[in-house]
Amino acid sequence: MSADKEQKRQMVLTVETYRKFLITLVIVVNAQWFTLGELTSKKRVNAVEKMIHQTADNPNPKHRYFQKTIDRYPFFRKFPSYLRRAAIADAIGIVSSFQSRYYEWQSGIRKHRADRPPTLTALCKTYPALYKGQQVKYGLNYQTIDIKVWSGTDWVWLNNIKIKRHGLSRHLIDGNQIQSPSLVANKNKCQLSMPIEIQKVDREDSDFVCSVDMGINNAATVSIVGKNGTVKARKFINPARDIDRRNQRRMMIKKKSSQTANLTLRVRQFATDGKRSHSGLGVSPSRGSGVQDCDCLTKQKLPNGFCQGLYRKSANINLEISRKVMRGIVELAKTHNVKVIVFENLSGWKAKAGKKGSLQKQKFHLWCHCKIVELTQQRWRELGGKVVFVNPKYTSAYAFDGSGKVRSSKINYSLAVFKNGKQYNADLSAAYNIGARYWYSLIMGDKHFSRVFVGKSSNDTLRTPVTLDTLRNLRVS
């Protein structure tokens, strides 16, 4: 939102006022939970409102504690009714969560045997929900909004606040409905968090799928593979600029860590020299001497919060890499009107290659394949598509043309050398095989898409894995 300094101040003041009101409600709801726990959600809100709110029909509310709070904070008397009910619903949710976790702890359901009981979080960092027409009004095409806020003396309207951007603009899609937004206001930003109820859609079936190979050299290699073995399109997704920025932060962390370790080593060397000089004189250092204190520093690990800012920036850049890769995959799938996106099932996979502290080990450690798959699942299902996982075994080890096992090129590691001497991109060949494995399993009736080999064998001899050539021969025959 394009709000000026005074408008931002009033928005922040509104959030602070709401949280003060919420803290009091949490204490009231927790005290009366024995009665409220047996009611339905709607009845709980009405019951709590009757306990605290004084009206002509309810001159003596049950909970006197709340009346003392009103005397302390007189602006509670002017609290809008819709905002009051939103706060009551928030308080009920907070207390309900605490009571459930406390009941599990009492029942012995704990992660660790010595876990302490959960505590009630009264200082809640939640944001107020705004009801349409009562606390928020939208302008034409959602370009401007009006918000009801607390000015410090009264509840007033802030009119014609311009909206800078609308995120993914889900609210502009026909059939989607906007729910009550939350006012997110702090010293850094002022915005509306708008939940959208998305209309369920179902994409039409297609004779093509979008197969994705997650790699180290390229973040994702995507291909459009047909049911008859035809490759319609291919795409390499590799946000190299963001990867370099992330790696720069990691190298800075490594350098600072090395400098800290060298400093500790020098302290240890000084302590050792001190011991030798003492022993040369025939005098042993006392237990509480400075030499012993210096030597103890070597046993300490890096302090808590070491390079905290660099770690945070590195993680944020990695998240942005995942989002860019997800957008590239989804865009290609939408362009070719496919319904299914196929990934390798890499859950629980751990890298065995690379020595500790090596560059290769660091690449595997920063590999964000799980986050890419998670974001793609969320976005593609929202668009009516389907995400399927296949067995990853031998997708990269065998050539897509059926010529057999491949070996890596000595000049360029990203190239795969086939047995017939042909050189091809290793990730692209794997992407073809992933799509072929999906179609082959679907045609042969393997619903779990776990089929790896062609045919069956009674012994342990190695059989030919499913490749793109296998799919082509299957359709021809």
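For the range 112-187, the set of trypsin sites (Lys or Arg not before Pro) satisfying both a DSSP loop assignment and a count of at most 16 other C-beta atoms within 10 Å is given as Arg113, Lys125, Lys164, Arg165, Lys187. Close amide H partners of Ser151, meaning residues 5 or more places away or on another chain with modelled amide H under 5 Å apart, are Val156. Pairs over the 21 Å Cα-Cα cut-off, from the set Lys350/Lys371; Lys371/Lys410; Lys8/Lys164; Lys20/Lys68: Lys371/Lys410.
Give me the percent of DSSP beta bridges within the chain that run antiparallel, rounded to the nearest 5.
Values: 37 of 45 bridges.
In the chain, DSSP labels about 80 percent of beta bridges as antiparallel.
Taking chymotrypsin sites (Phe, Trp or Tyr not before Pro) as exposed when their DSSP state is a loop state and no more than 14 other Cβ atoms lie within 10 Å, the longest site-free interval of the chain runs over 1-305.
Near the amide H of Ala220, within less than 5 Å, lie the amide hydrogens of Gly215, Ile237, all on another chain or at least 5 residues away, with H placed in the peptide plane.
Applying the Karplus relation 6.51 cos²θ - 1.76 cosθ + 1.60 with θ = phi - 60° to the range 109-122 yields 3J(HN,Hα) values of 7, 9, 6, 10, 5, 9, 4, 7, x, x, 10, 6, 8, 7 Hz, where x marks Gly and Pro. Summed over qualifying helices (DSSP H, 4 residues or more, each -39500 (n - 2.57)) and divided by its residue number, the chain shows a 222 nm mean residue ellipticity of -14500 deg cm²/dmol.
Enter the Cα centre distance for the pair the range 72-100 and the range 227-251, rounded to the nearest angstrom. Computed from Cα coordinates, the inter-centre distance equals 47 Å.
As a fraction of the 1.4 Å probe accessible area of the chain, surface on carbon and sulfur atoms comes out at 49 percent. Across the range 33-47, computed HN-Hα scalar couplings (Karplus, 6.51 cos²θ - 1.76 cosθ + 1.60, θ = phi - 60°) run 5, 4, 8, 6, x, 8, 8, 6, 4, 5, 5, 4, 4, 5, 5 Hz from first to last residue, x flagging Gly and Pro.
Go through Asp244, Asp213 and list them by solvent-accessible area, largest first, probe radius 1.4 Å.
Numbers: Asp244 85, Asp213 5 Å².
Order by accessible area, largest first: Asp244, Asp213.
Using a cutoff of 8 angstrom between alpha carbon atoms and counting only pairs six or more residues apart, the relative contact order for the chain works out to 13 percent. Computed from backbone phi, the HN-Hα couplings of the range 240-254 come to 4, 5, 5, 5, 5, 4, 5, 5, 4, 4, 5, 5, 5, 5, 4 Hz, rounded to whole numbers (Karplus: 6.51 cos²θ - 1.76 cosθ + 1.60, θ = phi - 60°; Gly and Pro given as x).
Rolling a 1.4 angstrom probe over the protein heavy atoms, how many square angstrom per residue are accessible across the chain?
On the way: 29080 Å² over 477 residues.
That works out to 61 Å² for each residue.
Quick one: which of Lys111/Lys356; Lys352/Lys386; Lys200/Lys339; Lys62/Lys137; Lys256/Lys355 span more than 25 angstrom between C-alpha atoms? Beyond 25 Å between Cα atoms: Lys111/Lys356; Lys352/Lys386; Lys62/Lys137. Only one item in (1) 52, 40, 23; (2) 73, 25, 22; (3) 34, 24, 22 matches semi-axes √(5λ) of the Cα gyration tensor in Å derived from the coordinates shown, and that item is (1).
For the chain, the longest stretch holding no GluC sites (Glu not before Pro) located in a DSSP loop with at most 16 other Cβ atoms within 10 Å is which? Kindly include the intermediate steps, with their values, before the conclusion.
On the way: sites that count: Glu38, Glu204.
Longest site-free region, per DSSP loop and neighbour criteria: 205-477.
Only aspartates and glutamates eight or more places from Lys125 in sequence, or on another chain, were considered; those with a Cα closer than 17 Å are Glu16, Asp90.
The values are calculated or read from the model by the stated rules, or taken from the named source; none is laboratory data. The structure displayed is predicted, hence computed values, not measured ones. Neighbour counts are summed over all protein chains in view; Cβ atoms, including those assigned to glycine, are modelled from backbone coordinates with ideal geometry. All accessible areas refer to the heavy atoms of the entire protein, side chains included, with ligands and DNA or RNA removed. Shrake-Rupley method; radii C 1.70, N 1.55, O 1.52, S 1.80 Å.
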